[in-house]
Amino acid sequence: MQELDVLMLRWLDQQHATASDADRAVFLRLLDTEDDKLWHWFMGHEAAPDADLDALVQRIRRLPP
């Protein structure tokens, strides 16, 4: 989904360079998640079942465009 790509690219552009190894690992896990799940998480319809994933989703949602 192109909308998800835009969100993920925000994190890559704005956060990746200064992210910890742990945050980068969580981001890689996020990339392995099915688009339909990601869509529900990013739209706020569901929370990710894993606290680290959910925290990253929330941080990405708050990033400026």
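Quick look at the values:
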read-out: Test result for Asp36, surrounded by fewer than 13 Cβ atoms within 10 Å (Cβ to Cβ) and part of a helix (DSSP H, G or I); value: yes
read-out: Qualifying positions in the stretch 22-46 - touching a His at 6+ places or on another chain (Cβ under 9 Å) and without any contact (Cβ under 8 Å) to a residue 12 or more places away in the chain; value: Arg24, Glu46
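Throughout, read-outs are computed from the coordinates displayed, never taken from laboratory work. Just so it is clear, the model here is predicted, and its values are computed rather than measured. Neighbour counts are summed over all protein chains in view; Cβ atoms, including those assigned to glycine, are modelled from backbone coordinates with ideal geometry.
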